[in-house]
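Here's the structure, in C-alpha cells; my notes come after.
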Amino acid sequence: MKDSFSSVRTDEHSPIWQQCISRENSLYGRGNDIRSEFERDYTRLLHCLAYRRLKHKTQVFFAPHNDHICTRMEHVNHVASVSTTIAKHLGLNAELTEAIAIGHDIGHAPFGHAGEDILNSLMQQKDGRNAPKKFWHERNSLFFADFIETLPDPDGTEKCLDLTYAVRDGLICHCGEIDQQGLAPRSQVINLYDIKRPGTTNPFTWEGCVVKLSDKIAFLGRDIEDARSYHILDMASYRQLREIVDSTLGFAEDKGGSPAASRAHRSGRAVNTTVLINDMIVDLCAQSSPQKGLCFSEAYFRFIVELKKFSFANIYNNWRLIEFQNYAREVLGCIYRTLMQGQLYAQNGRMEHYLRYAPGLARTFIDWLIKYTNYHPHGDPNRKQVLRYETKEVFDINSTESYEKCVIEYISGMTDQYAISVFEEIISF
C-alpha cells in the first residue's frame, strides 16, 4: 500500500540513522554541498571508473555487438529504476535505494557470472573442490568501493570513496538469486567482511532489501527478451513459457487474485519485459508490509520460481553460451597465468621488462601495482607520490597469496572487450 513502510524509513527519525550514515574516513568536505549523505554516495559511485566500465561488461550475452542487448550497466540502471519506484511508493528512502542500486555490481567480473566462476576456480586450484567460494561479486563490489575505486579531492589527490555504512551494506547483501518470501532487514550492525557467503545475510535496511528483490525483478524478463533476439529460444521453449504463464499467473485469475496477475494472464503474450516488470512491482507493493516483510502473492512467487528454472534450462545453459564460457575460461586463464608468472619481476621493480611484449597490459597493470601495492618501478621509486595516489597498500607483492589476490582483482575490473584484447596481445607474435 502507498506509504505503508514510512514508519521504518531510513531517515533522521530512524533509530538506526547514525549507524547508517557513518563513514570510516572522509573523502573531502564541501562548504557549499547541498546533497544528502546518500546523494553524495550516489554521485561518488556514478563518477567512479568501475561504474563506467559496466557498459562493456556482460549481463548474460558476452561482448555483444548488438547495441540493443542488455549490458551490466543497463541492468544496474534497470535495478535502480525498479527499486526507486518501489521505495517511493512504499514510503522508503529512495535516495538510499538508488545509491545501493547504482553501485551494486561495480565488483562484477568480465563475462558475467561465468567470469565470476572462472576467477573463483582459479583461486581454488590449490584448495580443492569443496573450498569456500573466494571470489563472489557482491563481496567484490564492497571491496572495490572500500579499497579500489578513487576520486580526486579538490587538490587532485586520489582518495577512496568512503561510502556510508548503509550503502556499503547494500552492496554486499544484494544477492537477488535467492528465492525468498517475507524479506526483512537484520537488526544488528556487523563487520561486513565477516560475511563469508553470498545470499546468507539480509541487508541492514529496508531499502537494501528492496534492491535485493529488485535485482531479481529486473533481470528475469529482460534476459528472455535478449534470448529471443539471439534466437536462443525455439518454438518448444515458447510453448513452455506459455504453460508457465497459464499454470502460475492463471491461478490468480481463477482464484480472484491480484489485478496485476490477471492482466498479465489476459495479455496473450508469454513474456513482455515492461508489462512483466510493472506487474511484479505492483504485486510486490500490494502484498508487502512491515509486519509480513517484502513479498509477492502466491501466484507471482510461483511464477518467478518457474521463470528462473526456465531461464537456467533454456538460456543460461544453452550450448552457444557454454561454448563462449569455454572461450572466456581460456581468456581469463591466460591473463591470470601470465601475470602470476611475473611476480618475481614485480618484486624487483621490473614489470615493464617482463610485459614488454604486451604494452597495453603493461600500462594498466603497472599502474594498478603502483596504486595498490608496495611495487616500486626500477629507477622511479616515488611514482606513487608523483601520481598523487593516496591509497593503501592493499596487496603485498612479496606474498604469493596476496599477489594472487592482486591479480584476480585486477582481472575482475576488466571489461569483456579489454580482456579479449589483452588475451590477443599476449598470444600474438
Taking alpha-carbon centroids only, segment 11-71 lies from segment 319-390 a number of Å equal to 27 Å
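Taking the highest mean first, how do the peptides 286-292, 35-41, 65-71, 86-92 order by number of other beta carbon atoms within 10 angstrom per residue? Display every interim value, and only then the final one.
Numbers: 286-292: 16.0, 35-41: 19.6, 65-71: 13.4, 86-92: 22.1.
Taking the mean over residues of other Cβ atoms within 10 Å, the ranking is 86-92, 35-41, 286-292, 65-71.
Quick check for me: using +1 on Lys/Arg Cβ and -1 on Asp/Glu Cβ, what's the dipole size of the chain about its Cα centre, in debye to the nearest 20?
Here the chain has a charge dipole of around 400 debye.
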Ranking Thr200, Ser289, Asn32 by how far each Cα lies towards the positive end of the charge dipole of the chain (+1 on Lys and Arg Cβ, -1 on Asp and Glu Cβ), the top one is Thr200
Computed curve, segment 101-206, Cα-only Debye sum without solvent term, log₁₀ I(q)/I(0) at 0.17 Å⁻¹, is -0.87
Descending packing, highest mean Cβ count within 10 Å first, for 318-329, 108-119 is 108-119, 318-329
Here the averaged projected area of segment 275-429, based on the convex hull of its alpha-carbon atoms and given in nm², is 14.6 nm²
The extension gain from Tyr345 to Asn382, computed as 0.36 nm times the residue separation minus the Cα-Cα distance, is 11.5 nm
Per residue, the convex hull enclosing the Cα atoms of segment 60-122 spans a volume in Å³ of 88 Å³
Links exceeding 29 Å between C-alpha atoms in this model, out of Lys57/Lys392; Lys216/Lys292; Lys88/Lys405; Lys2/Lys212; Lys133/Lys292; Lys133/Lys384, come to Lys88/Lys405; Lys133/Lys292; Lys133/Lys384
Cα-based Rg then Dmax for segment 1-132, in Å, read 18.4, 54
Stretched fully, the stretch from Glu390 through Glu352 gains (0.36 nm per residue minus C-alpha distance, one decimal, in nm) 11.4 nm
The answer for the per residue Cα convex hull volume of the chain, in Å³, is 148 Å³
Taking alpha-carbon centroids only, segment 292-312 lies from segment 138-158 a number of Å equal to 36 Å
Mean projected area, convex hull of alpha-carbon positions in segment 190-241, reported to one decimal in nm², is 5.4 nm²
Taking Cα atoms only, helix 235-244 is inclined relative to the longest principal axis of the chain by an angle, in degrees rounded to 10, of 60 degrees
When the chain is treated as a Gaussian network with springs between alpha carbons less than 10 Å apart, the largest mean-square fluctuation among Arg44, Arg222, Arg388 is found at Arg388
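Provide the percentage of antiparallel DSSP beta bridges, counting only those with both residues in the chain; round to the nearest 5.
75 percent
Can you give me the convex hull volume of the Cα atoms of segment 1-69, divided per residue and expressed in Å³? Write down the numbers at each step before the final one.
On the way: hull volume 14.0 nm³, N = 69.
Spread over its residues, the Cα hull of segment 1-69 gives 203 Å³ apiece.
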With T = 25 °C, eta = 0.890 mPa s and Kirkwood Rh from C-alpha pairs, the Stokes-Einstein D of segment 264-343 in µm²/s is about 151 µm²/s
The relative contact order of the chain, taking Cα pairs under 8 Å that sit 6 or more residues apart, comes to a percentage of 19 percent
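Rule-based calculations on the coordinates, nothing more; no lab input. All values derive from a computational prediction rather than experimental measurement. With ideal geometry, Cβ positions are generated from the backbone for all residues, glycine too; neighbour counts draw on all protein chains shown.
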